[in-house]
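Peer 1: What follows is a single structure, and I will ask about it in a moment.
Each value in this text was obtained by applying a stated rule to the coordinates, not by laboratory testing. Remember, predicted model here, so these are calculated numbers, not experimental data. Every residue, glycine as well, gets a Cβ built from its backbone with ideal geometry; the counts of neighbours run over all protein chains shown.
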């Protein structure tokens with residue numbers, strides 16, 4: 001399945017909204033889809049899957065982001081090492 005720019009933008013909007021919210025995730029997503037009726041079934045599916053994947057991995061994604069942002073020199077060194085060892089390709 002091909003993921004479009006519109007789907008990625010919608011996913012980013014949902015995640016941004018969730019970060020400042022105390023509402024349950026399913027209710028937040030339900031209200032987001034109601035506010036965006038132009039989204040088709042495939043769009044909603046991609047956004048919902050991505051959103052719940054982000055929720056499941058949120059803590060493991062936030063820790064490296066906070067570590068990297070506080071030490072930019074370390075970040076570039078780690079990324080270079082990962083790239084050289086073929087663990088992560090850019």
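Peer 1: Hey, fewest Cβ within 10 Å first, where do 47, 14 land in order? Please report the intermediate quantities before stating the final value.
Peer 2: Values: 47 26, 14 21.
Fewest-to-most Cβ neighbours within 10 Å comes out as 14, 47.
Peer 1: According to a simple spin-label model (label point 7 Å from Cα along Cα-to-Cβ), what is the distance in nm between residue 21 and residue 59?
Peer 2: For the pair residue 59/residue 21, the computed spacing is 2.2 nm.
Peer 1: What distance in nm separates the simple spin-label points at residue 31 and residue 45, each placed 7 Å from Cα in the Cβ direction?
Peer 2: It works out to 2.7 nm between the two label points.
Peer 1: At residue 38 and residue 12, where each label point lies 7 Å from the Cα along Cα→Cβ, what is the point-to-point distance in nanometres?
Peer 2: Between residue 38 and residue 12, the label points sit 1.6 nm apart.
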